1. Where the convex hull is taken over the Cα atoms of the protein assembly as shown, what is its projected area averaged over directions, in nm²?
2. Quick one: compute the contact order of chain B, relative version, from alpha carbon pairs under 8 angstrom and 6+ residues apart, as a percent.
3. Between chains A and B, what is the buried accessible area summed over both chains (1.4 Å probe, protein heavy atoms, nearest 100 Å²)?
4. Only Lys, Arg, Asp and Glu count, each charged at its Cβ (+1, +1, -1, -1), so figure out the dipole size of the range A:1-74 about its Cα centre, rounded to 20 debye.
5. At 222 nm, what value in deg cm²/dmol follows for chain B if DSSP H runs of at least 4 each add -39500 (n - 2.57) and the sum is divided by all its residues, to the nearest 500?
6. Accessible area drop of at least 40 Å² (1.4 Å probe, protein heavy atoms): which residues of the range A:184-210 qualify, relative to the chain alone?
7. Of A:M1, A:L74, A:F25, whose Cα points farthest to the positive end of the dipole of chain A (charges on the beta-carbon: +1 Lys, Arg; -1 Asp, Glu; origin at the Cα centre)?
8. So how strong a dipole does the protein assembly as shown carry about its Cα centre when Lys and Arg Cβ are +1 and Asp and Glu Cβ are -1, to the nearest 20 debye?
Amino acid sequence: MKRIAGAAVMLSAGILAMALVVSMFELPPPAVRLPQMVQEKLPQSGVEHPVTAVLLNFRGYDTLLEVAVLLLALLGMLAGERPRPAAPDRAPTDPVLPGLTRFLVPLMGLTAVYLLWAGAHRPGGAFQAAAVLAAAAVLLHLTDLLPAWTSLRLRLRTGLAGGLLVFITVAAWLLGEGRLLQYPVAHAGSLILFIEVALTISLGLILAGLFLFLPDDDERRR
Amino acid sequence: MTTGMIFAGSGAILFAMGVAGVLLPTHLLRKILAFNIMGSGAFLVLVGLGQRSGEPDPVPQAMVLTGIVVAVAATALALALARRLQRLTGRMELPPEAERD
């Protein structure tokens, strides 16, 4: 019975793949030429790279909501798991890994700042920079240099929610001037950089929190 | 056949593989991994179809960029839920229909 069900699922998945591939070749050419529209409006966006322009200017509200989703995912995780009490110290691991981490983490911080700055004119931006920062935090935790986060202190809460709050504040302030997230052309560049800095810090903390809040040794303690 | 269409086609195949992976295994970790493969397939389709005319389209690229980060967060949430289930029931499988309230 189980084998028949498995074969049926495999067969349906195969048919689904075929149908998807065939229908993609049947697609008519897009009615709206988005790349040209983006290129035309790029000088008004305040940045020179089209992806960053779309991300934080033309479709800024999408990014705003996605940051909210990230924060919600972390809150949902914390609602299920209380932050763990401090774990007992583990025996020091082999000296090479912490040594290498001490060397790498400052470089990762530097890379994050570069990625954030580069977002204005080449591939890069807040999301990439935040991912590098979070990776640095995870690396520090895995080498026992950074303890797991056990409590939600006010400073940490501010950091986690700060990016979203800054984004919403800018959006609300611009609502008074015109439309939601419609930056004035003269200040678009600095507003985007301001939002991106706040987003980098918050997203880095959120992504690191997804790892650092999870209890790793509760099985042993119980 | 442009490179974009090759990406989009691989994305569609990955998506279908992910669907089978969500339905077939009972272990939750494998289901979560399969769900991620589905997501990667969808991202490939978006980016691939966006550049099928040969020039890259920044709009789907920006959507996928945030989508990847959201997928990481959603995976973490799913893993946290799976851990909680494991702690409560001792199993990494969803309970069968008959046992659900």
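The values are calculated or read from the model by the stated rules, or taken from the named source; none is laboratory data. Here the structure is a predicted model, which means the values were calculated and not measured. Cβ coordinates were reconstructed from backbone atoms using ideal geometry, including for glycine residues, and neighbour counts include every protein chain displayed. Surface areas here come from the heavy atoms of the whole protein model, side chains and all, with no ligands, DNA or RNA. Shrake-Rupley method; radii C 1.70, N 1.55, O 1.52, S 1.80 Å.
1. Across all orientations, the protein assembly as shown yields a mean hull projection of 21.1 nm².
2. Result for chain B is 31 percent.
3. By this definition, chains A and B bury close to 3400 Å².
4. Roughly 360 debye for the range A:1-74.
5. -26500 deg cm²/dmol
6. SASA drop of 40 Å² or more in the range A:184-210: A:L210.
7. Of the candidates, A:M1 comes out farthest on the positive side.
8. Value, rounded to 20: 660 debye.
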